[in-house]
Structures are given as structure tokens and as C-alpha cells.
Amino acid sequence: MKTPREILLARHADASAELDALRRSVVAELKPAESPGWLAVAWRELFWQPRLVWTGLATVWVFLLGGNIAMRGAAVRDEVVFDQLAEGLRQKRAIYAEFGLVGNGLDAPQIQIPGPRSRLRPMRMDQAAV
């Protein structure tokens, strides 16, 4: 007894030659694919495929520039605040000087650099312990 596969192959065996001829004619009509130029390859590899990464980087740069522009005004405000603090300190020192409070322990303590703990004295031979 023949299998269904053998029956189908026997029935369509004469069609395989026609199918081979049709396949050869279709393949002969196809043009060979042209290789893209280096610029197209560079565009596709560097910019088109990782476009999500480039978009993320552009977004980060926009936020950095926006923060930089916003902080320019803050730097000017900080200078004004510093000038106000310096003026207040000058006024406070003038008031202390007016009431004679300068030098009564209200000034910043003077830092003294410690000296050596002992002095090295040259020894003479007659002073050496025997």
C-alpha cells in the first residue's frame, strides 16, 4: 500500500519541471540589489537606529541649558544677598566699636601656632651621660 505522500508525488511529478522553469525565469528578471552608499549606511547606523538614544540625549541637553539659564539669575541674587550680609557685618562691628566692646572677648579668638614641645640643645662631650 502506498502512503499519501507517495501518491501526491506521483500525481505531480510532471509539474516539477514546469515549476523549475518558472522559477528560473522569475529569478532571471530580478535585478541584483544595489549596495547603499557610505552616507546612507552612516545615516542608518549612527542616527536612524539609535534615534531613541539621541532623543534622550537631546532632552537632557535641553534640561541642562534651561537649568543653566535659570541659575544665572540666582547667581546675581546670591551676590546681592552676600553684599547685604557684608554690610550688616560692617554695621555690627561699628556698633561694637562704638560701645567699646571690641577686645572684650567678643572678637574671634586669635589662633596661636604652637611652638616645639622641647628645644634641642646641642650636647657637649663632657655633658654626655656615661
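Where a number appears in this text, it was derived from the coordinates with a stated rule and is not lab data. Predicted, not measured: the structure shown is a model, and the values here were computed from it. Glycine also receives a Cβ, built like all others from the backbone with ideal geometry; neighbour counts cover every protein chain displayed.
Computed quantities for the displayed model
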| item | result |
| --- | --- |
| Table column - 3J(HN,Hα) (Hz), segment 4-21, Karplus curve with 6.51, -1.76, 1.60, x for Gly and Pro | x, 5, 5, 5, 5, 5, 5, 5, 10, 5, 6, 7, 5, 5, 5, 5, 5, 5 |
| Whole-Hz couplings from phi, Karplus 6.51/-1.76/1.60, listed for segment 47-61; x for Gly and Pro | 10, 6, 5, x, 5, 5, 5, 4, 5, x, 5, 5, 5, 4, 5 |
| Segment 1-78: proportion of alpha-carbon pairs further apart than 18 angstrom, % | 75 |
| Those trypsin sites (Lys or Arg not before Pro) in segment 1-60 that DSSP places in a loop and that have at most 12 other beta carbons within 10 Å | Lys2 |
| Ascending count of other beta-carbon atoms within 10 Å, so fewest first, for Ile69, Ile111 | Ile111, Ile69 |
| Neighbour-limited loop hits for GluC sites (Glu not before Pro), segment 14-91 (at most 12 other Cβ within 10 Å; DSSP other than H, G, I, E, B) | Glu34 |
